[in-house]
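Let me begin by presenting the structure, written as structure tokens, before commenting on it.
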Amino acid sequence: MAADRAQIMQHLRAAGIPFVPSSVMNFLLSHPDPVSVIGEMKKSGLNALAISVDSLTNNPGRVIAPIAEPEPEQISMRNNMPDWKREDFPMDAIDAMIDIKVHYDITGNSITEGKMGDINDAFNDRLERLRKLIIANSNLPRRPMDIARLQAEKSRFQGRENIAVAIGLVNEPRHTKNGHLMFNVEDASGEISCLLMNRKGDDRIIEHAQIVEAGLMPDDVIGVSGTFSQNGDIFYVDDLHFPMQSSHDKKFAEQGVSVAFLSDIHVGSKTFLEAQWHKMIQWFNTDPLARTIKYLVLSGDCVDGVGIYPGQDKELSIKDLYGQYSRFAELLELLPEWVECIMLPGNHDAVRPAEPQPTLEPDIQQDFNTTTFVGNPCDFSLDGVRLLSYHGKSIDDFVAGLRTVTYRDPVEAMRQMLRRRHLAPQWGGKTPLSPEPEDGLVIREVPDIFVTGHVHGHACIDFRGTTLVCSSTWQDQTSYQRMLGFQPKPCMLTVVNLGTHKSISIPFA
């Protein structure tokens, strides 16, 4: 019985075969009984890379004696590189087709005039989108009500037997001297004062305690359920409800090619690590693992920029902005021709500082080959796997606003973004925001891979079904970082296979 591509991939994975060459896939699609062929492939024990149409169609004749299978390739540590398994990174990318689909990018779609009406529209859009996600993904005890109606009927909700639910924007979050969390929740109809108690002993619930410890961000959109105090002045919160869903099912690409991640290259700075860049280029052109990499995502600040901070001119090796981009284009030209770069801006780049940011202007793009330019953030797919790439400027706000987020652990900020389904909730903080009629920083779809940069750290972990990548920098410690005592983690290339979602981080420092 014939089958479509998705059914065939399902049978292949069930047989322990993560990938087959495109010629074999076409053979299976045209075969009247592909399931039986896959069964024979499983029995043969052949490596996925050794399967070909010839191996499936040729009759070997009478077998005199079993043929000993070759010993599996022993991949040792190459130049102090970490070990990896071929089945985790199964496909060479040299002849693979490029498959990039952009779902959201502000480029060419920014229509705000920055007026008060635009700001109101942006917050109303955020509230409406995230309200729907909270209702869909949270276990609310009852349907939410407008805050004005809750206040008018507050006497109904003063006992444990009748819980009220509201959804709105957070204002003035703060901790009391006893460790409780106070904040206001506002919607279009009104505002209520809320208190989330710091429970102790048997009443202490881990997730509840974590929220109290971390705090809330101004302009978060959350749901609250609880009851009013006797005088109706305070709403005692039993539970907070976030837009995040409990888990996410990753999508797997049919092609087993890989994507690599870098950020904050800072070409033009005296602290750009050019020798380590050439070491990586040599690896790209000689290492078997590098042959599996089809895409390289560059998450902003690829150049150091000009006039970004006081005294920057003294720390520049290339003082002309366009000269910095031209030099970076030359460095990218050293990559193998099969690698397609996806490049978005950051706060050091030649775009507006307000997020979401459009892509780089055509005068800059013309110096680059084999590069797809997108805005910041960008929601896109590679071979059907959904990625969300964001430079990460708002991590500064999360560090300032939440007590559990630090620059040493920027992944916690990424977790908090996913929990809120928003990349930069705070208006008027360290991250300038553009008030678009549709809030472009709402995380509309949960990504399979979520990548940031900005803080010059490095991490790659799984969080509720999403791979979180904090991309490494290619800049040594700056004088400002030295003053703060911050040590970056430079020259780490993170590689994730789109067919298996296995990952590896390769050091070049």
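Please treat every number below as a calculation from the coordinates, not as lab data. Remember, predicted model here, so these are calculated numbers, not experimental data. Here the Cβ is made from the backbone with ideal geometry for all residues, glycine too, and neighbour counts use every protein chain on show.
As a length-normalised measure over Cα pairs under 8 Å and 6 or more apart, the relative contact order of the chain settles at 18 percent. Taking the fewest neighbouring Cβ atoms within 10 Å as the starting point, the ordered list for HIS241, HIS278 is HIS278, HIS241.
State whether the stretch 237-395 is rounded, prolate or oblate according to the following rule on the C-alpha gyration tensor (a ≥ b ≥ c being the square roots of its eigenvalues): a/c under 1.5 gives rounded; otherwise a/b larger than b/c gives prolate, and the remaining case gives oblate. Oblate is the answer for the stretch 237-395, as a/c is 1.5 or above yet b/c matches or exceeds a/b. State which entries of LYS101/LYS393; LYS115/LYS251; LYS101/LYS279; LYS319/LYS502; LYS85/LYS251 exceed 29 angstrom in Cα-Cα distance in the structure shown. Exceeds cut-off: LYS115/LYS251; LYS101/LYS279; LYS319/LYS502.
Here the stretch 436-509 is treated with +1 on each Lys and Arg Cβ and -1 on each Asp and Glu Cβ, and its dipole about the Cα centre works out to around 420 debye.
Residue exposure proxy: GLU438, GLU337, GLU153, ordered by other Cβ atoms within 10 angstrom of their Cβ from fewest to most, comes out as GLU337, GLU153, GLU438.
Selection among LEU216, THR372, GLN276 by position relative to the dipole of the chain gives LEU216 as farthest towards the positive end (Cβ unit charges, Cα centre). Separation of the stretch 450-465 and the stretch 103-152 by C-alpha centroid, Å? Distance between centres, Cα-based: 27 Å. Ordered by the count of other Cβ atoms within 10 Å of each Cβ, fewest first, THR452, THR467 give THR467, THR452.
Taking the empirical scaling 2.2 N^0.38 Å for compact globular proteins as reference, the stretch 367-436 has a Cα radius of gyration ratio of 1.28. Placing +1 on the Cβ of every Lys and Arg and -1 on the Cβ of every Asp and Glu, with no other charges, gives the chain a dipole of roughly 1420 debye about its Cα centre. About its Cα centre, the stretch 139-241 has a charge dipole of approximately 300 debye under the convention of +1 per Lys or Arg Cβ and -1 per Asp or Glu Cβ, with nothing else charged. Count Lys and Arg as plus one, Asp and Glu as minus one, and take only other residues whose Cβ is under 11 Å from that of CYS302; the net charge is then -3. Think of the chain as having a plus end and a minus end, set by charges on the Cβ of Lys, Arg, Asp and Glu; of LEU433, MET197, SER247, MET197 sits farthest toward the positive end of this dipole. In summary, the helical segments of the chain meeting the span-like criteria, namely a full DSSP H run, a Cα extent along the axis of 27 angstrom or more and a mean Kyte-Doolittle hydropathy of at least -0.5, are 116-137.
Extension gain for the segment ASP367 to SER246, taken as residue separation times 0.36 nm less the Cα-Cα distance, is 39.2 nm to one decimal.
For THR372, list long-range residues whose amide hydrogen, built 1.01 Å from N in the peptide plane, is under 5 Å from its own amide hydrogen. HN-HN under 5 Å from THR372: CYS341, ILE342, MET343.
Positive end of the dipole of the stretch 114-154 (Cβ unit charges, origin at the Cα centre): among LEU140, GLY117, LEU150, the Cα lying farthest that way belongs to LEU140. The label-point distance for LYS430 and LEU29, in a model that sets each label 7 Å from Cα toward Cβ, rounds to 4.9 nm. The convex hull built on the alpha-carbon positions of the stretch 139-241 has an orientation-averaged projected area of 6.4 nm².
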